[in-house]
Amino acid sequence: GVSIGPTRVLQGPQDRSTASVAALSVGLDPFASLRRWKPVAVVKLRGVRVDLQRNPDGAYWVPGPAGTDPPPRLDLNIQLLDPAQVKVSPAQLDVRLAGRAAVHLDQSWTDAKVQMTLPDHGKVALRLKGGWRQPQLDAQARIEKLQLRSLQGLLPDQQPIGLQGQLAGDLRLGWTAGKAHCKGGLSLAGFALTSSALPAPLRNDQWQLTCRGDRLQLPRSTWVYGPYTALLQG
């Protein structure tokens, strides 16, 4: 195959985000290529660093124009040899990404497994399967002790918002033939939302959501806003 040393992706015309790779190698998997009757390229990345900067429109990364030619008859197996370091600068958020992905270009299909670790703020394990030519998605997420305050910087900064709470759960979402389906649930503990536009915080000690098939269920939970208390279920 071919190996490339340190490489950088500079700022684009519509964003200020950058990326770098310490080493990249591309090779051909002969056995997989014979089995699938098309080339299967193995792409290995080491020392990936991404610095995301939000532009005035709120976008972090703006790709260039897409070509009109059909995609090549080619499969890509992409592997991160060590965790990628992703920095979302305006949100003061640092994320470590580990995982792999298989991309079938001619079939407009991908299958990826990714683990996101926010140091001291939780973990999210994702398994994504889906196609973009005919929208289809099967997503599985396992969330462990995700602290909402670590994500508040991702919200639009026109009206600063403070978030507190811990999110956990095991949820599977799908979209096939124009229909949605899901399985599992989420739980949120110690939630609080504050904003200069709100005279008092909005609070909830324990909130849950469960999902099965095409039905969502919200067990009764108590929400408090200043002197007001509301019970929500459905």
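Side notes on the structure shown:
- Some residue of the range 193-214 being surrounded by 12 or more Cβ atoms within 10 Å (Cβ to Cβ), closer than 30 Å to residue 91 by Cα and small (Gly, Ala, Ser): yes
- Output for the range 108-148, where each listed residue is open to solvent by 20 Å² or more (accessible area, probe 1.4 Å), of a type outside the set (Asp, Glu), more than 14 Å from the chain's Cα centre (by Cα) and farther than 14 Å from residue 83 by Cβ: 109, 110, 121, 132, 133, 134, 135, 136, 145, 147, 148
- Qualifying residue in the range 153-167 (condition: closer than 29 Å to residue 136 by Cα and without any contact (Cβ under 8 Å) to a residue 60 or more places away in the chain): yes
- Considering 229, 194, the condition of being of a type in the set (Ser, Thr, Tyr), over 19 Å from residue 143 (Cβ atoms) and modelled with pLDDT of 95 or more is satisfied by 229 alone.
- Any hit, the range 69-84, residues being more than 21 Å from residue 100 (Cβ to Cβ), within 22 Å of the chain's Cα centre (by Cα) and not polar (S, T, N, Q): no
- Among the residues of the range 151-172, at least one is open to solvent by 80 Å² or more (accessible area, probe 1.4 Å) and within 17 Å of the chain's Cα centre (by Cα).
- In this structure, residue 29 does not satisfy being open to solvent by 30 Å² or more (accessible area, probe 1.4 Å), out of contact with any Lys or Arg (no Cβ under 8 Å at 6 or more places or on another chain), closer than 30 Å to residue 90 by Cβ and acidic (Asp, Glu).
- Here residue 91 meets the list (1) in contact (Cβ under 8 Å) with a residue 12 or more places away in the chain; (2) open to solvent by 50 Å² or more (accessible area, probe 1.4 Å) almost entirely, failing just condition (2).
- For the range 32-87, the set of residues classified as of a type in the set (Val, Ile, Thr) and either more than 23 Å from residue 108 (Cβ to Cβ) or loosely packed, with under 14 Cβ neighbours inside 10 Å (or both) consists of 48, 50, 62, 68, 86, listed by residue number.
The values are calculated or read from the model by the stated rules, or taken from the named source; none is laboratory data. In this text, all values refer to a predicted model and were calculated from it rather than measured experimentally. Using ideal geometry, Cβ is built from the backbone for each residue, glycine included, and neighbour counts are taken over all protein chains shown. Heavy atoms of the whole protein, side chains included, go into the accessibility calculation; ligands, DNA and RNA do not. Shrake-Rupley method; radii C 1.70, N 1.55, O 1.52, S 1.80 Å.
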